[in-house]
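Input: a single structure, listed below in structure tokens.
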Amino acid sequence: MRHVLNRLYSELPDVNIKDITIPCGEHNTVVKILTFLIKSLGYEKDLPLRGVASGFFYNLFYELLQQKDYSLTVIFDGIDKIQDDSIIYNFSRAGEFKELNERQYIHIVGISNAGQFIRSLDPRVASYFQRDTIVFPQYNEKQIIDILNNRVPLAFCSNAINKNIIELCAQLAAEDEGDARRAILLLQTAGDMAIKTECNRVQPGHVPMAMDKINKDISCQFVSNMSYGEKLVILALIKTEKYLKPGKFVVTGNVYRIYVDMCKKANIKPTSLGALSQKITKFNMMGILNATVTSRGRGGQTSEIVFISDPNSLEEAIYQDCKFVKFYNYVPNVKRLLSTQLW
């Protein structure tokens, strides 16, 4: 990314631009993002942690930026992890809304490994987010092998790992979007598995064990960082799946019925069916589940949903949030809530 920005700035020598990179895995809400930007612009006073609307943070951010003599490039590293994409919309229209000085602008750069991220955006946001897409080619297996060979001497004792293990990790990573960081993590986790099983060398069997652990950890981390509403939808999906006949799919309408019933139990207002469908699309993009849109004739279209991640692990991660303990023994009235074909 730094190489791309240096190229950009070299082609605009007379334009004063600064950039701020936001790690969206950690800063994934509007308030957290704005707080990060405000601090990055040099604001040293304490900011309120609660009880203040996002408008306060927007106003303070724009006020600070107007005091600068440069435009700003905001780099969302992991843009697909942002929980509320309204901040993209607001930044895209900041100049139009007269929030900036004349000839000052906010340029947005989004970095994501999720190729379908744009499709998950609110249509209004996607319309104003007038983007140019740069696709970086995936690493191939040979390139990943070279990367791992450079890392192995730094992390492993001599003879603790052989070329077959390196090639297996590279092959799996190349098949999974060519992610070199994932290959490094896989190799590291395989080494941890060897230590736990008291082996002096990493064995081929340690690699699939490491892959399973990584997939479980990533999914549970995604769930842990979700908003209350998103966790509730995931839990409704899990509760729906538990009462299916063998061979039947979870479908959006039935998830929504159980979701609404859970909202009544929690005494909160449920979101709309359309908003729930958008959340399911986001979960699909995150790799937690697979949602396939199918036609039901006169019944219209629906999504048939299958979990990719282990639902039991996801459920455990949700119950780590004390707000969801009330749902631990929740059993939906399937005869009343679900289509008769499903239970």
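The values are calculated or read from the model by the stated rules, or taken from the named source; none is laboratory data. If you're wondering where the values come from, they're calculated on a predicted model, not measured in any experiment. Neighbour counts are summed over all protein chains in view; Cβ atoms, including those assigned to glycine, are modelled from backbone coordinates with ideal geometry.
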*Right, residue 198: of a type in the set (Asp, Glu), out of contact with any Lys or Arg (no Cβ under 7 Å at 6 or more places or on another chain) and closer than 25 Å to residue 332 by Cα or not?*
no
*asked:* Every residue in segment 171-200 that is surrounded by 14 or more Cβ atoms within 10 Å (Cβ to Cβ) and either over 15 Å from residue 144 (Cβ atoms) or touching a His at 6+ places or on another chain (Cβ under 8 Å) (or both), please.
replied: 189, 190, 191, 192, 193, 194, 199
_Scan of segment 104-156 for residues that are modelled with pLDDT of 85 or more and either at positive phi or assigned to a loop (DSSP other than H, G, I, E, B) (or both), ordered by number_ = 104, 105, 112, 139, 140, 156
*Which is without any contact (Cβ under 8 Å) to a residue 60 or more places away in the chain and closer than 30 Å to residue 321 by Cα, of 170, 210?*
210
*Members of segment 159-186 found to be over 15 Å from residue 210 (Cβ atoms) and basic (Lys, Arg), listed by number*: 163
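Looking for something surrounded by fewer than 21 Cβ atoms within 10 Å (Cβ to Cβ), among the aliphatic types (A, V, I, L, M), touching a residue at least 12 places away in the same chain (Cβ under 8 Å) and over 30 Å from residue 162 (Cα atoms) - is there at least one such residue anywhere in segment 232-243?
Yes.
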*Going through segment 201-219 one residue at a time, which ones are crowded, with 18+ Cβ neighbours inside 10 Å and under 18 Å from the mean Cα position of the chain (by Cα)?*
219
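Name the residue that is modelled with the lowest pLDDT, counting only residues in segment 253-276 that are of a type outside the set (A, V, I, L, M) and crowded, with 21+ Cβ neighbours inside 10 Å.
Of the residues in segment 253-276, the ones of a type outside the set (A, V, I, L, M) are 253-254, 256-257, 259, 261, 263-265, 267, 269-272, 274.
If we keep only those that are crowded, with 21+ Cβ neighbours inside 10 Å as well, we get 254, 256, 259.
Working: 254: 86, 256: 93, 259: 94.
That would be 254.
Among residues belonging to segment 61-99 that are among the acidic types (Asp, Glu) and in contact with a Cys (Cβ under 9 Å, 6 or more places away or on another chain), point out the one that is surrounded by the fewest Cβ atoms within 10 Å (Cβ to Cβ). Full working, then the answer.
Taking segment 61-99 first, the residues among the acidic types (Asp, Glu) are 63, 69, 77, 80, 84-85, 96, 99.
Now drop any that are not in contact with a Cys (Cβ under 9 Å, 6 or more places away or on another chain), which leaves 77, 80.
On the way: 77: 17, 80: 22.
Only one residue fits best here, namely 77.
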*asked:* Condition first: closer than 18 Å to residue 40 by Cα and in contact with a Ser or Thr (Cβ under 9 Å, 6 or more places away or on another chain). Can you find one or more residues in segment 111-121 that meet it?
replied: no
_Could you go through segment 273-286 and let me know if any residue there is in the same structural domain as residue 316 (by TED's automatic domain parsing), part of a loop (DSSP other than H, G, I, E, B), out of contact with any His (no Cβ under 6 Å at 6 or more places or on another chain) and farther than 26 Å from residue 78 by Cβ._
no
*Just to be sure, is residue 249 over 27 Å from residue 182 (Cβ atoms), of a type in the set (Phe, Trp, Tyr) and crowded, with 16+ Cβ neighbours inside 10 Å?*
yes
_So, in segment 304-320, how many residues would count as being more than 20 Å from residue 252 (Cα to Cα) and either of a type in the set (Val, Ile, Thr) or touching a strand residue (DSSP E or B) at 6+ places or on another chain (Cβ under 8 Å) (or both)?_
1
_Return the pair list, or none, for Cβ contacts closer than 7 Å from residues in segment 58-74 that are free of Cβ contacts under 8 Å to residues at least 24 places away in the same chain to residues that are surrounded by fewer than 16 Cβ atoms within 10 Å (Cβ to Cβ) and part of a loop (DSSP other than H, G, I, E, B), at least 6 apart or on different chains._
none
_Any residue in segment 1-30 that is acidic (Asp, Glu) sitting within a Cβ distance under 7 Å of a residue that is surrounded by 15 or more Cβ atoms within 10 Å (Cβ to Cβ) and in a helix (DSSP H, G or I)? List the pairs, counting only those 6 or more apart or interchain._
19/5
*Taking only segment 109-127 into account, find how many residues are farther than 22 Å from residue 227 by Cα and crowded, with 18+ Cβ neighbours inside 10 Å.*
1
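Residue by residue through segment 83-100, note down the ones that are outside any helix (DSSP H, G or I) and either basic (Lys, Arg) or at pLDDT 90 or above (or both).
From segment 83-100, those outside any helix (DSSP H, G or I) are 83-85, 93-100; that's our starting set.
Across segment 83-100, the qualifying residues are 93, 94, 98, 99, 100.
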*Residues 106, 134, 144: which one is under 30 Å from residue 187 (Cα atoms), among the β-branched types (Val, Ile, Thr) and surrounded by 18 or more Cβ atoms within 10 Å (Cβ to Cβ)?*
144
